[in-house]
Amino acid sequence: VQLQASGGGSVQAGGSLRLSCAASGRRINGYVMAWYRRASGEQRELVASITGAGGTNYRDSVKGRFTISRDNAKNTVSLQMNSLKPEDTAVYYCKIHIGGGVEFWGQGTLVTVSS
């Protein structure tokens with residue numbers, strides 16, 4: 001499985017970005033997809049996840065601002081990020097959880113939010 005993340009960039013606080021992650025080599029149907037991020041000097045943290053059935057989970061700091069979605073027909077998962085804050089600055093990674101300890105990561109896309 002290969003995951004290609006895109007959509008990162010530089011925005012001012014309060015702005016919006018939409019990240020996309022395109023999967024190839026396997027259909028994403030039925031698998032948990034997730035977005036993580038790692039800020040400079042910090043550990044990678046879970047931002048949001050979505051199950052195969054569409055159930056979602058968010059870390060508290062992004063609830064109400066970020067929305068994760070999936071398009072199984074296009075084999076993509078997206079992260080709509082609104083009301084961005086400087087503390088959202090990080091490299092964002094997408095992940096597919098296959099199960100049995102198997103997971104694959106995308107290469108990361110940088111989001112920079114200036115105050």
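List the residues whose amide H sits under 5 Å from the amide H of K85, counting only those 5 or more places along or on another chain, with H placed 1.01 Å from N in the peptide plane.
Sorted by chain and number, the residues that satisfy this are G14.
Applying the Karplus parametrisation 6.51 cos²θ - 1.76 cosθ + 1.60 with θ = phi - 60° to the phi angles of region 53-64, what ³J(HN,Hα) value in whole Hz is obtained for each residue in order, glycine and proline being reported as x?
Values, residue by residue: 8, x, x, 10, 9, 9, 6, 4, 5, 10, 4, x Hz.
If the cut-off is 22 Å between C-alpha atoms, which lysines fall inside it for K63, apart from same-chain ones fewer than 8 positions away?
K85, K95
GNM, the chain, Cα, under 10 Å: largest mean-square fluctuation among R70, R38, R26?
R26
Check each of the GluC sites (Glu not before Pro) in region 42-112 and keep only those in coil by DSSP with at most 12 other C-beta atoms within 10 angstrom; list them in order. Could you put the intermediate results ahead of the total?
Details: sites: E42, E45, E87, E103; in loops: E42.
Passing sites in region 42-112 are E42.
How large are Rg and Dmax for the chain when calculated on the C-alpha trace, in angstrom?
13.3, 42
Using a 1.4 angstrom probe on heavy atoms only, work out the carbon and sulfur share of the accessible area of the chain in %. Don't jump to the answer; show the numbers that get you there.
Values: 2650 of 5840 Å².
With neighbouring chains kept in place, the figure for the chain is 45 percent.
Just want to confirm a number: the relative contact order over the chain, from Cα pairs under 8 angstrom separated by 6+ residues, in percent. Kindly include the intermediate steps, with their values, before the conclusion.
Details: 281 pairs, mean separation 41.3, N = 115.
Relative contact order, the chain: 36 percent.
Determine the sum of side-chain charges near V1: Lys and Arg each +1, Asp and Glu each -1, restricted to other residues whose C-beta is under 14 angstrom from that of V1. Mind showing how you got there, number by number?
Numbers: positive: R26, R27, K95; negative: E103.
So the environment of V1 carries a net charge of +2.
Taking amide H atoms as placed 1.01 Å from N in the peptide plane, list the residues 5 or more away in sequence, or in a different chain, whose amide H sits under 5 Å from that of E103.
Those qualifying (amide H under 5 Å, at least 5 residues apart or on another chain) are I98.
The values are calculated or read from the model by the stated rules, or taken from the named source; none is laboratory data. Not measured: the values here are computed from a predicted model. Positions of Cβ are backbone-derived with ideal geometry, glycine not excepted, and every protein chain shown enters the neighbour counts. For the accessible areas, the whole protein counts, side chains as well, though only heavy atoms, and no ligand, DNA or RNA atoms are used. Shrake-Rupley method; radii C 1.70, N 1.55, O 1.52, S 1.80 Å.
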